[in-house]
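Working notes for the structure below.
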Amino acid sequence: MHVENDIQQAIIKAIKDLYSSDADPAGITLQKTKKEFKGHLTFVTFPLLKLSRKNPQQTAQEIGDYLLANTDLISDFNVINGFLNLSVSSAAWIETLAFIARRPDYGFTPVTDQSPLYMVEYSSPNTNKPLHLGHVRNNLLGHSLSEVLKANGKKVVKTNIVNDRGIHICKSMLAWQKWGNGETPGSSGKKGDHLIGDYYVLFDKKYKSEVAGGISRGLSKDEAEEQSSLMAEAREMLRRWEAGDEEVVSLWKRMNGWVYAGFDETYRKLGVSFDKIYYESDTYLVGKEVVLRGLKEGVFYRKDDGSVWADLTDCGLDHKLLLRSDGTSVYMTQDIGTAKLRFDDYPIDKMIYVVGNEQNYHFQVLSVLLDRLGFEFGKGLVHFSYGMVELPEGKMKSREGTVVDADDLIEEMVETARATSEELGKLDDCTPEEANEIVRMIGLGALKYFILKVDPKKNMTFNPKESIDFNGNTGPFIQYTHARIKSVLRKAEEQGLAIPEAADAHLELSEKEEGLIQLLADFADVVKQAGDEYNVSLIGNYVYALAKEYNQFYHDFSILKEENASRRAFRLLLSKNVALIIQRGMKLFGIDVPERM
């Protein structure tokens, strides 16, 4: 915060003049004054007692008196048990507002050639089903984290690993081959990922029916599953694929192509993208080579059945399978290969995996294995672990076809936004084209904000109806606040009122106005904290607090009808910069804010 830095320097000078000592700047920290006390910023004097050789109360009083007499940054102060509560002067807040107004990138650190490179992996879909609500949270977190890291001056490569091989893929392929009758996305009118997902569900339905038939003939459940001819065919298809069978590989490529086209459409709707996409069908072979090297070097061991394992008991973990007895890969093998390829491709300083918390153990193991294999980047891997997302009705299951489809959810959000906006009269003055764009912004804004405002580590329940509310901690409330400010600024322009870059420094501001500027100034610290802690929800909490404070200000104070020209100009400048910070903060969530509503 600009004014905070100035006060820190003033305190350092006070210590020099009062106690003939040089204070360590790192020890001169200010914090926001608690609401029950008067003031904006609080300085804790206890670390200075060795320098002052006085009690906390006297030390705080002397520094407060010095600041009041020697700087115009402070208008008043009070001392409570060695805590020096400082009231920042209106002039200092007005200068802080001007400082923010002069910087169109306030809160963001520029990316340079020397910036560290962070790679963020997210999405990680399977090509046997469309993206669902769980993927939505993953994609939104990955995209937002990438934007927050960029805002903190990091180079970012957004990457995706597509799980395009394995028995689950073969289940969809086999079902289509048996019962598809040549159906395509074009002939069915379905998106490719939806079409393939339908066949994945169909396979499971047929398989369960076959198992139930076996049980009815007196077999146990395990015996019925073991004797399933359908599952045997799927395993045989996987074996043929791994052997490079032309017919199977051709079908695999064709069906995956349908899925990728469907994924791309969903990604476009969500506003997420990737700089580099890796495919498990490529990376698992690299992983096998690395594991076999590790076996040869004695890092891993082979069991009697031919499977390859890692003994991790010396670091509190267990034995981890890396290659099955038939030589086929597991997920860990693929991740080892993907990591190697990525670090071959890019000079990565930090690798971040955006993956749900059910994989916490997996990434603990991956980090250890990569380190033991001699990859320096192993220990530095970051698992951005997040909680599950559910609907009020409960959990979702892909195989049973009970997942909440991402495309259906997006469409529902936009239509709910339209119905709510029309009911509240928010679209009355809009053309049909404007209305369509606004309801798209509101629907997607509601979805993204509702998900991203929650601490990523927590499980959450997504309620579409709650998310569209124009009141409370929602995306539409923040979007409407932005539109309200833009309306005020348009009216000011129509009245010929110019908005200055700096306000009259002699104005005496209200407590609410000073608080709004202090909140604006906090934006830079919030962006930094969100990047340092990998917690994008801090951005949402901040932007909501700013929108809420501005709405209270708008309700309590005149802006365009203010008769004092200097005060009116200040309030217009304040309003303009609140809108800019709201827009900047929401952009970190991938949310657009409308100019009018």
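FYI, it's all coordinate maths here, none of it is from the lab. Bear in mind the structure is a predicted one, so any value in this text is a computation, not a measurement. Cβ sites come from the backbone with ideal geometry, for glycine too, and all protein chains shown count toward neighbours.
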Over the residues of segment 165-274, compute the C-alpha Rg and express it relative to 2.2 N^0.38 Å. 1.22
For the chain, the longest principal axis of the Cα atoms and the Cα long axis of helix 565-587 enclose an angle in degrees, to the nearest 10, of 20
Longer than 26 Å from Cα to Cα, which of K35/K587; K155/K453; K158/K548; K276/K465; K288/K350; K32/K448 are they? Say none if no pair is. K35/K587; K158/K548; K276/K465; K32/K448
A correct Kirkwood calculation over the Cα atoms of segment 406-587 returns a hydrodynamic radius in Å of 17.7
Phi angles of segment 454-470, converted by Karplus (6.51 cos²θ - 1.76 cosθ + 1.60, θ = phi - 60°) into ³J(HN,Hα) in whole Hz with x for Gly and Pro, give 7, 3, x, 5, 8, 5, 8, 10, 8, 10, x, 5, 4, 5, 8, 4, 8
Other-chain or far-sequence residues with amide H under 5 Å of N152's (modelled H): T109
Counting DSSP beta bridges with both ends in the chain, the antiparallel % (nearest 5): 50
Can you give me the angle between helix 133-151 and the longest principal axis of the chain, using Cα atoms only, in degrees from 0 to 90, rounded to the nearest 10? 50
What Rg and what Dmax come out for segment 125-175 when only alpha-carbon atoms are used, in angstroms? 15.0, 48
Angle between the Cα long axis of helix 229-242 and the longest principal axis of the chain, 0 to 90 degrees, nearest 10? 70
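Rounded to a whole number of µm²/s, how large is the Stokes-Einstein D of the chain at 37 °C and 0.692 mPa s, given Rh as the Kirkwood radius over C-alpha pairs? Before the final figure, lay out the partial values.
Values: Rh = 27.9 Å.
Translational diffusion coefficient: 118 µm²/s.
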Counting DSSP beta bridges with both ends in segment 308-433, the antiparallel % (nearest 5): 55
Going by Cα centres, segment 210-230 and segment 510-584 are how many Å apart? 65
Equivalent ellipsoid dimensions for segment 293-341 as semi-axes, Å, which come from the Cα gyration tensor, largest first: 16, 15, 11
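Going by how many other Cβ atoms sit within 10 Å of their own, how do T109, T313, T283 line up, fewest first? Please list the in-between numbers first.
On the way: T109 16, T313 9, T283 24.
Ordered by Cβ neighbours within 10 Å, fewest first: T313, T109, T283.
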Compactness of segment 2-88, expressed as Rg and Dmax over alpha-carbon positions, Å: 11.5, 34
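Rule-of-thumb check for segment 276-404: C-alpha Rg over 2.2 N^0.38 Å? Present the calculation step by step, with values, prior to reporting the outcome.
Working: Rg = 16.3 Å, N = 129, 2.2 N^0.38 = 13.9 Å.
Rounded to two decimals, the normalised Rg is 1.17.
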Phi-derived 3J(HN,Hα) across segment 478-494 with the Karplus relation (6.51, -1.76, 1.60, θ = phi - 60°), rounded Hz, x for Gly and Pro, is 5, 4, 5, 4, 4, 4, 4, 5, 4, 5, 4, 5, 5, 5, 4, 5, 4
Scattering profile of segment 109-152 from the Debye formula, Cα beads only, expressed as log10 I(q)/I(0) at q = 0.34 Å⁻¹, is -1.20
For q = 0.11, 0.19 Å⁻¹, what log10 I(q)/I(0) does segment 91-208 give under the Debye formula with an equal point scatterer on each alpha carbon and no solvent? -0.59, -1.01
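At a 10 angstrom cut-off on C-beta neighbours, averaged per residue, how do the peptides 42-55, 487-500, 465-478 rank from highest to lowest? Let's see the in-between values first.
Details: 42-55: 16.5, 487-500: 13.0, 465-478: 19.1.
Order by mean packing, descending: 465-478, 42-55, 487-500.
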Would you mind pulling out the separation of the Cα centroids of segment 15-67 and segment 259-294, in Å? 55
Give, in nm to one decimal, the length gained when the segment between Q177 and K13 is fully stretched (0.36 nm per residue of separation minus the Cα-Cα distance). 51.1 nm
Quick check on segment 216-335: take the gyration tensor over C-alpha atoms, sort the square-rooted eigenvalues as a ≥ b ≥ c, and tell me if it's rounded (a/c under 1.5), prolate or oblate. oblate
Taking the Cα centre of each part, how many Å lie between segment 397-472 and segment 113-128? 26
